[in-house]
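Coordinate-derived values only; no laboratory data. The structure presented is a predicted model; accordingly, all values stated were derived computationally and were not measured. Using ideal geometry, Cβ is built from the backbone for each residue, glycine included, and neighbour counts are taken over all protein chains shown.
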Amino acid sequence: MEATAISTRSKLTVQTDQDKEYVGFATLPNQVHRKSVKKGFDFTLMVAGESGLGKSTLVNSLFLTDLYKDRKLLNAEERITQTVEITKHTVDIEEKGVKLKLTIVDTPGFGDAVNNTECWKSVADYIDQQFEQYFRDESGLNRKNIQDNRVHCCLYFISPFGHGLRPLDVEFMRALHEKVNIVPILAKADTLTPIEVKKKKFKIREEIEQYGIKIYQFPDCDSDEDEEFKQQDLELKWRTRHTATSSS
Ligand SMILES: Nc1nc2c(ncn2[C@@H]2O[C@H](COP(=O)(O)OP(=O)(O)OP(=O)(O)O)[C@@H](O)[C@H]2O)c(=O)[nH]1
Ligand SMILES: [Mg+2]
């Protein structure tokens, strides 16, 4: 009994000593964390590429329930509608108390017109406008409540029916690669055999390098990370290997 009492008292003494040395900056990460979680995060995803590759379909199937709450069910013919202008949908999602304002920007596909020169212009202008808006908001008075509408990522759809990239793809991606993180997607991969998918991805990868297109690269993990994390990072990079596939 006595021994227990003594040990409890000595523990208490140690704690008070520590408290004396405690300034409070150890809680800084918690404060930053709490603030960010309270404010929530903004993420804007854009889809672009040739017409009819399934951009709108992918977006719809990924976020259908939340994005189009009030939609009426249409028959098959009515449902297939071509995107004719840049459209923006926003949805608030919450996961374990962390709020995310997800914005999806659907762009009209190109390649249908007789003259396709500078078909990327409206998309590039849209991205620039968002940068300008953010810059204006940052220079304004109410900087606390800025909504970040800048496009963070662009899924770029590549036709599964061509041999690698088409000249318009190269032009389009080169017009955007300095402005936004591009993730190339081999569209409608379900129409190809696994071997064809492999070959096409290889060809696309080669051409992306050949034309000097900068696509999104996973950041390298820190050298002091543990081995398991490094292995996971490597595996993830290997799996995506520059080109993802879509089959909605
Ligand atoms: N086989 C196959 N067909 C698809 C896939 N995704 C979409 N489709 C079909 O492709 C057609 C065009 O799809 P959309 O989603 O309208 O294509 P889009 O890229 O938005 O076209 P634009 O708005 O003109 O740019 C529709 O008939 C879809 O049903 C897919 O992954 N595989
Ligand atoms: Mg569309």
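Structure data summary
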read-out: Per DSSP, loop chymotrypsin sites (Phe, Trp or Tyr not before Pro) in segment 91-143 with at most 15 further Cβ within 10 Å; value: none
read-out: By average C-beta atoms within 10 angstrom, highest first, the peptides 45-54, 138-147, 166-175; value: 45-54, 166-175, 138-147
read-out: Highest-first arrangement of 225-238, 150-163, where packing means the average Cβ count within 10 Å; value: 150-163, 225-238
read-out: Unsatisfied cross-links (Cα-Cα over 32 Å) in the set 179/200; 96/237; 101/198; 88/199; value: 101/198; 88/199
read-out: Extreme residue, positive dipole direction of segment 40-245, given options 159, 142, 216 (C-beta unit charges); value: 159
